[in-house]
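Trainee: Structure in structure tokens, see below.
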Amino acid sequence: MINLIGEVCSNHNRSLKRCFKFIDLCKAMNFQAVKFQLFKIDKLFHSSVLKRSKMHRDRKKWELPTSFLPKIHKYCKKKKIKFGCTPFYLEAVELLKPYVDFYKIASYELLWDELLIRCAKTKKPVIISTGMANYSEVKKAIKILKKNNCKKIIVMHCVSSYPAKLEHCNLNSIKYLSKKLNLEIGWSDHTKNPMLINEIIDNFDVNTIEIHIDLDGNGFEANKGHCWMPNDLSLLKDFLSNKKKIYGNYKKNFSKAETIERLHRSDPSDGLRPLKKIRKIKI
């Protein structure tokens, strides 16, 4: 079974109603979890960055209100879908603890030992993204999590580019990490490419996939080009639901849908269509 996580990022637009719609969307698309992000802009960027950059200051409107957390938790319970969140400041770990089923460490925070320690000590599952990281950095993060009694760790191969180009994905890193770490390795997607998702599932033994999503193209981060819209997700759901039927079996035979068309092939006696046995039938 493929565990799909819908990453809302900042596309909630600070609307609780919109948060609920994301949960509904994830449930309708057979996702196992929905994930949000919890940050405060003044605890995400250094003051010197905020002072000189209006673009960074404007991300204040991207913050998820903490008052939403118990309501999101309750709605996820009602919909029977897991609730995960990425904490971007230390106090966020404790704020999230009563509500989330798992924590997610973003690629940009992978080097922050204290954040890893705080998440690990909650004894909840921790998913880490590894965009921009080399193997030694990933290994160190895992060592910290294990040392602090984190029992469930999922490592997500990731490319921190928005959207990520196919030639930058380096999918063989999944096999490398799996062999070296002996942990579950997943994929955090920024490509918005269904063919790549299929390749990862079929040939890289991946069970956990995170997908950035939006409802309508109006989310604060939707214009970056890496967020899947409902129509995209419907196609993915349809493909994954019918995967076994699509692949069929290892025999070569005609499909039931071709039964009638078989009669309209060229007859071997004269090379003309249809077969002689139906030529006198009025079409």
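The values are calculated or read from the model by the stated rules, or taken from the named source; none is laboratory data. Since the model is a prediction, treat every value here as computed from it, not as a measurement. Methodologically, a virtual Cβ is constructed for each residue, glycine included, from the backbone with ideal geometry; neighbour enumeration extends over all protein chains shown.
Trainee: Leu110: surrounded by fewer than 17 Cβ atoms within 10 Å (Cβ to Cβ) and either hydrophobic (A, V, I, L, M, F, W, C) or within 18 Å of the chain's Cα centre (by Cα) (or both), yes or no? Steps first, please.
Mentor: Values: surrounded by fewer than 17 Cβ atoms within 10 Å (Cβ to Cβ): no; either hydrophobic (A, V, I, L, M, F, W, C) or within 18 Å of the chain's Cα centre (by Cα) (or both): yes.
Against the criterion (surrounded by fewer than 17 Cβ atoms within 10 Å (Cβ to Cβ) and either hydrophobic (A, V, I, L, M, F, W, C) or within 18 Å of the chain's Cα centre (by Cα) (or both)), Leu110 does not qualify.
Trainee: A follow-up question, please. With Leu183, Leu275, Leu177, Leu236 as the choices, which residue is surrounded by 14 or more Cβ atoms within 10 Å (Cβ to Cβ), among the hydrophobic types (A, V, I, L, M, F, W, C) and outside the structural domain of Lys27 (by TED's automatic domain parsing)? Before you say what the answer is, go through the steps one by one.
Mentor: Values: Leu183 fails: outside the structural domain of Lys27 (by TED's automatic domain parsing); Leu177 fails: outside the structural domain of Lys27 (by TED's automatic domain parsing); Leu236 fails: outside the structural domain of Lys27 (by TED's automatic domain parsing).
Residue meeting the stated conditions: Leu275.
Trainee: Would you tally the residues in the stretch 62-105 being among the small types (Gly, Ala, Ser) and within 21 Å of the chain's Cα centre (by Cα)? First the steps, then the outcome.
Mentor: Let us first name the residues in the stretch 62-105 that are among the small types (Gly, Ala, Ser), namely 67, 84, 92.
From the residues that got through so far, the ones that are within 21 Å of the chain's Cα centre (by Cα) too are 84.
Looking only at that region, the number is 1.
Trainee: Let me ask another. For Leu196, indicate whether it is over 25 Å from Asn223 (Cβ atoms) and not aromatic (Phe, Trp, Tyr). Show your work before the answer.
Mentor: Working: over 25 Å from Asn223 (Cβ atoms): no; not aromatic (Phe, Trp, Tyr): yes.
It is false that Leu196 is over 25 Å from Asn223 (Cβ atoms) and not aromatic (Phe, Trp, Tyr).
Conditions (1) surrounded by fewer than 18 Cβ atoms within 10 Å (Cβ to Cβ); (2) in contact (Cβ under 8 Å) with a residue 24 or more places away in the chain; (3) of a type in the set (D, E, K, R), marked per residue:
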position	(1), (2), (3)
Cys158	no, yes, no
Ser161	yes, yes, no
His168	yes, no, no
Pro194	yes, yes, no
Ile197	no, yes, no
Asp202	yes, no, yes
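Trainee: So Cys26 ticks every box in (1) surrounded by fewer than 20 Cβ atoms within 10 Å (Cβ to Cβ); (2) assigned to a helix (DSSP H, G or I) but one. Which box is left unticked?
Mentor: Only one criterion in (1) surrounded by fewer than 20 Cβ atoms within 10 Å (Cβ to Cβ); (2) assigned to a helix (DSSP H, G or I) is unmet by Cys26, namely (1).
Trainee: Still on this structure, I have one more. If you go through the stretch 29-79, how many residues are surrounded by 14 or more Cβ atoms within 10 Å (Cβ to Cβ), within 17 Å of Arg14 (Cα to Cα) and of a type in the set (S, T, N, Q)?
Mentor: Matching residues across the stretch 29-79 total 1.
Trainee: Continuing with the same structure: Among the listed residues Leu233, Leu240, Leu215, identify the single one that is assigned to a loop (DSSP other than H, G, I, E, B) and among the aliphatic types (A, V, I, L, M). Steps first, please.
Mentor: Details: Leu233 fails: assigned to a loop (DSSP other than H, G, I, E, B); Leu240 fails: assigned to a loop (DSSP other than H, G, I, E, B).
Within the list Leu233, Leu240, Leu215, the selection yields Leu215.
Trainee: Can you name every residue in the stretch 113-132 that is surrounded by fewer than 21 Cβ atoms within 10 Å (Cβ to Cβ) and over 19 Å from the mean Cα position of the chain (by Cα)?
Mentor: Looking only at the stretch 113-132, we keep the residues that are surrounded by fewer than 21 Cβ atoms within 10 Å (Cβ to Cβ), and these are 113-114, 117-118, 121-125, 131-132.
Matches in the stretch 113-132: Asp113, Glu114, Ile117, Arg118, Lys121, Thr122, Lys123, Lys124.
Trainee: Kindly indicate whether any position in the stretch 133-146 is of a type outside the set (Phe, Trp, Tyr), within 14 Å of Leu4 (Cβ to Cβ) and in the same structural domain as Leu25 (by TED's automatic domain parsing). Give the steps one after another, and end with the answer.
Mentor: So in the stretch 133-146, the residues of a type outside the set (Phe, Trp, Tyr) come out as 133-134, 136-146.
Checking the rest, the ones that are also within 14 Å of Leu4 (Cβ to Cβ) come to none.
Looking through the stretch 133-146, none of the residues is of a type outside the set (Phe, Trp, Tyr), within 14 Å of Leu4 (Cβ to Cβ) and in the same structural domain as Leu25 (by TED's automatic domain parsing).
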